[in-house]
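Read-outs throughout are calculated quantities, based only on the coordinates presented, and are distinct from any laboratory measurement. Just so it is clear, the structure is predicted and the values come from calculations on it, not from any experiment. Cβ placement follows ideal geometry from the backbone for every residue including glycine, while neighbour counts extend to all protein chains displayed.
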Amino acid sequence: MTSLPKQASVRQLGLVIDLDICVGCHACAVNCKEWNTGGHSAPLTDEDPYGADPLGVWFNRIHTYEAGSGPEGRTVHFPRSCLHCEEPACVTVCPTGASYKRESDGIVLVNADTCIGCKLCSWACPYGAREYDHSDGVMKKCTLCIDRIENQNLPEEDRIPACVSTCPASARHFGDLGDPNSEVSQLVAERGGYDLMPEMGMKPTNKYLPPRARPTSNAPAAQSALKTAAETSSTGSRFLDWVDRNLSR
Amino acid sequence: MHPAYSVIFFTTASGAGYGMLVWLAMLALAGNVVPAMVSGLVMFAISLGLITAGLLSSTFHLGHPERAWRALSQWRSSWLSREGVAAVITYGPALVFALGWIIFESTSGLWLIAGLATGVMALVTIASTGMIYASLKAIPRWTDVTVVPVYLAFGLATGGALLVTSYNIFTPVPPHGIWPVVLVIAVAWALKLLYWRRIDNAKPVATAESATGLGHIGPVTLFEAPHTGENYIMREMGFQIARKHAAKLRMIALLVGGAVPVVAFAAAALMTGPAMMIACLLGLTGLCIGVLLERWLFFAEAQHAAMLYYGAKAV
């Protein structure tokens, strides 16, 4: 049924992505592809993978943005995947009931056996999170690795989404955002985690942590300090000072 | 948005077919038409044929056409599902209406009730088609209040032009039968002009800054895309027509699809014999070209919020 659950689920599983820490290595995207091409929505088909115009299904894509310019400007790596919204338009537009939001934990999923491949859900998602598989003729999307997080065959520490488990910088966190006391919720509260495009009204579950403010006011002072240090530098050794003076000529 | 030919054909063809059914119902209600077998057969064949061809074309663009029946199940939440249900239901009264008109050569009593039900359901179906697009917040310009009225008006305009032209094969249509169609064609293009004006002046709903949440640092630009090639989202949502081309195409659509049919059908109302038929055919041809262009532009000009992640500044 593509009507949303009448009440938002108590558990709201999702991701918290730290834009301050992400180094843009794409490891999360690659591990996502690797796991999911053999998982719940397998395969994540690639078309013309070694040709001139490759096209493939990925659930996680890493953009890089420049925000601001000059000394205040920042380069921000920005992983983007399904946000498992509380009010996902992709679910309500589905004419067949293939798209659904799980009542138990809020994960947004597609039933590949009843999807007719009309693509309307991908039109309805403002975040571009759903990708159509041309060879399977059905829509595919991030499952939050339901085949990992509930997988009793995996050691407990591996029961987290593939993207989270692989992040070498620990920029990705997984947990229950419906529980205000969970680690992820506290992280969001502490760091001012925010929603992407709140004006679209989808109430995303996933949150993004902003890049930390840089102590920009110290930069000019530090630079002039370095300059003076260079001009008045003394190694404490007369010989090395003599070498320095001669090399600096 | 990528202008898929199957969707353009579906919305225009079925729109014309349903529009024609509405006019047939109004004729039956006005009671100033003599239902007859051959003319009825031709007119119902054209309208139901266009509807069926449009619906079939819309199922062919599905990844799994054999599962299309499942689309009738989610009418509680989905406008696409509602449209499918309305389209299927319309066949019921429409076939009864056609039976009365063609076999019993009657449009009164129960046949009239079937006709009225057909007309109402046809309008509901066209409006549902419009609502599929108008309900998508991710494509802000499509949520404009004029979208559904434009779909209804063009369905009625093309349906009316088809009805006048096909009816004219059998009996010359009196002028008072043509003027309403001229009026509806003019209204349709007036609404379209209003839509174009409104989308050109609309304030952006979302920006690259709100999409990334990085606006507090400064203006946000894409430094590096996730990959060097394209992906499904970029192909489906990233289609963008140059503004100057759009302006030209709008003018062509307006002239060929608006001015030509209005003049041609107005002339037809004042003429008789072969000249009248030629004027009708000219008007119908112009209108069809204009509506196809208008529908193509509807998709090609629409910007999707997801493109904010791929370099778009605002939608």
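Sorted largest first, the spans of the alpha carbon positions of the range B:173-315 along the three principal axes are 70, 29, 21 Å.
Apply 1/(1 + (r/R0)^6) to the Cβ-Cβ distance of B:M271 and B:A190, taking R0 = 30 Å, and write down the FRET efficiency to the nearest 0.05. It comes to 0.75. Taking 0.36 nm per residue of sequence separation and removing the Cα-Cα distance, the B:T171/B:Q240 pair yields an extension gain of 20.2 nm.
On the beta carbon distance between A:K6 and B:V38, with R0 = 45 Å, the FRET formula returns roughly 0.20.
For the range A:183-189, backbone phi angles converted through the Karplus equation (6.51, -1.76, 1.60; θ = phi - 60°) give residue-by-residue couplings of 4, 5, 5, 5, 4, 4, 5 Hz, Gly and Pro being listed as x. Straight-line cross-link partners of A:K227 among the aspartates and glutamates, defined as a Cα under 20 Å from its Cα and at least 8 positions apart when in the same chain: A:D241, A:D244.
A straight line joining the Cα centroids of the range A:13-81 and the range B:80-115 runs 52 Å. Taking amide H positions as modeled 1.01 Å from N, with prolines and chain starts lacking one, the residues under 5 Å from A:L15 and 5 or more places away or on another chain are A:N206, A:K207.
Other protein chain C-beta atoms within 10 Å of residue C-beta, averaged over A:54-62: 4. With a Förster radius of 56 Å applied to the C-beta separation of A:Q186 and B:L281, the computed FRET efficiency comes to 0.20.
Here the label points at A:R159 and A:I21, each 7 Å from Cα along the C-beta direction, are separated by 2.2 nm in the simple model. Mean separation of Cα pairs under 8 Å and 6 or more residues apart, divided by the residue count, gives the range B:173-315 a relative contact order of 38 percent. Stretching B:W179 away from B:L95 to a fully extended chain increases their span by 27.4 nm, per 0.36 nm per residue minus the current alpha-carbon distance.
Built from the Cα atoms of chain B, the convex hull projects on average onto 17.9 nm², one quarter of its surface area. Grab the other residues whose beta carbon is less than 14 angstrom from that of B:G84, score K and R as +1, D and E as -1, and report the net. After counting each charged neighbour, the total is +3.
Between A:C163, A:C115, A:C28, the GNM of chain A built on Cα springs shorter than 10 angstrom shows A:C115 fluctuating the most. Counting other Cβ atoms within 10 Å, which GluC sites (Glu not before Pro) in the range B:45-136 have at most 13 and lie in a DSSP loop? Answer by residue number: B:E105.
Here the simple spin-label model places points 7 Å from the Cα toward Cβ, and for A:Q152 and B:A247 these points are separated by 6.8 nm. Each residue, B:T228 and B:A4, gets one label point 7 Å from its Cα in the Cβ direction; the gap between the two is 3.1 nm. For the protein assembly as shown, what is the Kirkwood estimate of the hydrodynamic radius, computed as the reciprocal of the mean inverse distance between distinct Cα atoms, to one decimal in Å? It works out to 26.7 Å. Taking the Kirkwood radius as Rh and the Cα radius of gyration as Rg, chain A has a ratio of Rg/Rh equal to 1.15. The slack between A:S104 and A:F239, meaning 0.36 nm per residue of separation minus the straight C-alpha distance, is 41.1 nm.
Under the criterion of Cα pairs below 8 Å and six or more residues apart, the relative contact order for chain B equals 24 percent. Divided by 2.2 N^0.38 Å, where N counts the residues, the Cα radius of gyration of the range B:1-135 comes to 1.09. Amide H contacts of A:Y132: A:K140, each under 5 Å away and 5 or more positions distant or on a separate chain (H built 1.01 Å from N in the peptide plane; Pro and chain starts excluded). Take every Cα pair under 8 Å whose residues are at least 6 apart in sequence, average their separation, divide by the length of the range B:1-135, and the relative contact order is 36 percent. Here the range B:128-207 is treated as an ellipsoid with the same Cα gyration tensor; its semi-axes, largest first and in whole Å, are 34, 13, 6.
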